[in-house]
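Asker: Below you'll find the structure I mean.
The values are calculated or read from the model by the stated rules, or taken from the named source; none is laboratory data. Since we're looking at a predicted model, the values are computed, not measured. When we count neighbours, we look across all protein chains shown, and the Cβ atoms used for this are built from the backbone with ideal geometry, even at glycine.
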Amino acid sequence: MLTEQDSQWREMPWQRALDDASPAAARALEKSLGGCDLCFDEGLILARAAGKDLLAMLRVADELRRRAAGEQVTYVVNRNLNFTNVCIVGCAFCGFSRGARAEDAYFHSIEQLVAKCAEAVSCGATEVCIQGGLPRDLDGSFYASLLRAIKAALPHLHLHAFSPMEIIYGIEKTGLPLLEYLRSLKEAGLGSMPGTAAEILDDEVRQHISPNKLKVRQWVEVIRTAHQLGIPTTSTMMYGHMEQPEHWVRHLLLLREIQRETGGFTEFVPLGFIHSQTRLYRAGRARPGSPFSEHLLVHALSRILLNGHVPNIQVSWVKLGFADALACLDAGANDFGGTLMEESISKSAGANFGESVSPGELRALIRTIGRIPAERTTTYKIRREFPHPGTDELLPLERMATQPANSLAAGLAEN
């Protein structure tokens, strides 16, 4: 099994790695290199890869990344707005939500949230990502009112907001049909949506980890309707809990099917399960997240199964840590996500890799693996490429000290 201390795999030519793979894995990888879609059985062979087959997967995924995205690693300057941690859903994998009477429960006012957006713009942000809990007494007009208020104050700021679960809740609160409700949010200023609340798109697994959450068909319906209205979304998958490799494959193939129909996904983001502060793990119903080799495998599998359909695979540095995120950028991923400025959902579940990172630090990290940093918009238009280092790209010693024991040079972590 690969560990953080292993680095030689990053140097092996993909052709040589492919030659050493088993016949079944090699056939699937060669098919992907030829631009053909893999079926479920072929995907499952790769999802269970180990040893030389895993090594071949990583190198082929990196080659597919190079063909799709070149040597750029993109990022967006953004801020997270988690407007409330009060939630009635009770997901077993969540360490973020609170009851309405909890001492640390909060619900920021619209005025506070607009002020946070203005602060983000003053720091160079082009996007805010807005998500929150689902309070029992939420006003049905809140989501649209928040969007309108931010747009009135900051008309050029991109509003990336509200998961499919929040959309379903908004429909329940307003009584509007899905199409009409999403259209009203778009008119209020919604620019795009996070494809979170996906977890694993399998109702049997969802019944164990989040029985009160929306069903797979509802998630798919919200996403397809958003795409129909010209609202792009991300796509995600939470792995490392109680799911199995076959669930990864089915999840990814469903996303691929949706993308074939709509073309509305901007990216795919694998989200490693953060376990320590969750009921799911404490009750003994989940494994403690993923080992390093599984992080690499899932990112590589994502690139291979979504090849030719979803061009951008993003790492979640807040879940992986910087060292493992950089390794995954050499295993098929091409985007470093956002600066975040105020991440709280992963932190609440037990993540310990920080809440924000500066653009200069991101660029410095990207350069450690020999790639070219580029700032992007939410929809992956390049705002500026940085082919040469700048004076703001020094990585602070205190930031490096928070990394896993292996050095950035050698080994080279969402909801």
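Asker: Name the residue, out of Ser316, Ser293, that is touching a Leu at 6+ places or on another chain (Cβ under 6 Å) and crowded, with 21+ Cβ neighbours inside 10 Å. Please lay out each step first, then the result.
Answerer: Details: Ser293 fails: crowded, with 21+ Cβ neighbours inside 10 Å.
None of the other options fit; the residue is Ser316.
Asker: Would you mention how many residues in the stretch 141-186 are charged (D, E, K, R) and in contact with a Lys or Arg (Cβ under 8 Å, 6 or more places away or on another chain)? Let's see the steps before the verdict.
Answerer: Residues of the stretch 141-186 that are charged (D, E, K, R), as a first pass: 148, 151, 166, 172-173, 180, 183, 186.
Among the residues that remain, those that are also in contact with a Lys or Arg (Cβ under 8 Å, 6 or more places away or on another chain) are: none.
Within the stretch 141-186, residues that are charged (D, E, K, R) and in contact with a Lys or Arg (Cβ under 8 Å, 6 or more places away or on another chain) number 0.
Asker: Within the stretch 358-387, how many residues turn out to be buried (at least 17 other Cβ atoms within 10 Å of the Cβ) and either touching a Leu at 6+ places or on another chain (Cβ under 6 Å) or not hydroxyl-bearing (Ser, Thr, Tyr) (or both)?
Answerer: Selection size over the stretch 358-387: 15.
Asker: Taking Ala24 as the residue in question, decide whether it is over 18 Å from His299 (Cα atoms) and of a type outside the set (D, E, K, R). Outline the logic, then answer.
Answerer: Working: over 18 Å from His299 (Cα atoms): yes; of a type outside the set (D, E, K, R): yes.
Against the criterion (over 18 Å from His299 (Cα atoms) and of a type outside the set (D, E, K, R)), Ala24 qualifies.
Asker: In the stretch 265-276, is there at least one residue being over 18 Å from the mean Cα position of the chain (by Cα) and within 17 Å of Ile200 (Cα to Cα)?
Answerer: So far as the stretch 265-276 goes, no, none of its residues is over 18 Å from the mean Cα position of the chain (by Cα) and within 17 Å of Ile200 (Cα to Cα).
Asker: Only one of Thr339, Thr278 is more than 20 Å from Ala374 (Cβ to Cβ) and among the hydroxyl-bearing types (Ser, Thr, Tyr). Can you tell me which?
Answerer: When all the criteria are applied, what remains is Thr278.
Asker: Ser293 is checked against (1) of a type in the set (Ser, Thr, Tyr); (2) part of a helix (DSSP H, G or I); (3) under 17 Å from the mean Cα position of the chain (by Cα) and fails just one. What number does that condition carry?
Answerer: Among (1) of a type in the set (Ser, Thr, Tyr); (2) part of a helix (DSSP H, G or I); (3) under 17 Å from the mean Cα position of the chain (by Cα), Ser293 violates only (3).
Asker: Just a yes or no: is a residue in the stretch 92-107 among the aromatic types (Phe, Trp, Tyr), over 21 Å from Ile168 (Cβ atoms) and outside any strand (DSSP E or B)?
Answerer: Looking through the stretch 92-107, at least one residue is among the aromatic types (Phe, Trp, Tyr), over 21 Å from Ile168 (Cβ atoms) and outside any strand (DSSP E or B).
Asker: Could you check Leu412 against (1) surrounded by 14 or more Cβ atoms within 10 Å (Cβ to Cβ); (2) at pLDDT 90 or above and say which number it fails?
Answerer: In the conditions (1) surrounded by 14 or more Cβ atoms within 10 Å (Cβ to Cβ); (2) at pLDDT 90 or above, Leu412 misses (2) alone.
Asker: When you check Tyr75 against the structure, is it among the aromatic types (Phe, Trp, Tyr) and outside any helix (DSSP H, G or I), yes or no? Talk me through it step by step, then tell me what you get.
Answerer: Values: among the aromatic types (Phe, Trp, Tyr): yes; outside any helix (DSSP H, G or I): yes.
Considered against the rule, which asks whether it is among the aromatic types (Phe, Trp, Tyr) and outside any helix (DSSP H, G or I), Tyr75 comes out as yes.
Asker: Given the conditions (1) surrounded by 15 or more Cβ atoms within 10 Å (Cβ to Cβ); (2) under 18 Å from Cys328 (Cβ atoms), and given that Leu18 satisfies all but one, which numbered condition is not satisfied?
Answerer: It is condition (2) that Leu18 fails.
Asker: Mind checking which helices (runs of 4 or more DSSP H) fall wholly inside the stretch 204-283 and carry at least 1 residues that are touching a strand residue (DSSP E or B) at 6+ places or on another chain (Cβ under 6 Å)?
Answerer: 216-228, 245-262
Asker: Going through the stretch 69-95 one residue at a time, which ones are of a type in the set (Gly, Ala, Ser) and farther than 17 Å from Gly370 by Cα? Quick ask: steps written out before the conclusion?
Answerer: Going through the stretch 69-95, the residues of a type in the set (Gly, Ala, Ser) turn out to be 69-70, 90, 92, 95.
Within the stretch 69-95, Gly90, Ala92, Gly95 meet the criteria.
Asker: Limited to the stretch 150-180, what total is found for residues that are among the aliphatic types (A, V, I, L, M), exposed (fewer than 15 other Cβ atoms within 10 Å of the Cβ) and more than 21 Å from Arg79 (Cβ to Cβ)?
Answerer: Number of matching residues: 1.
Asker: Out of the residues in the stretch 355-373 that are part of a loop (DSSP other than H, G, I, E, B) and closer than 30 Å to Phe96 by Cα, state the one that is modelled with the lowest pLDDT.
Answerer: Of everything passing the filter in the stretch 355-373, Glu355 is modelled with the lowest pLDDT.
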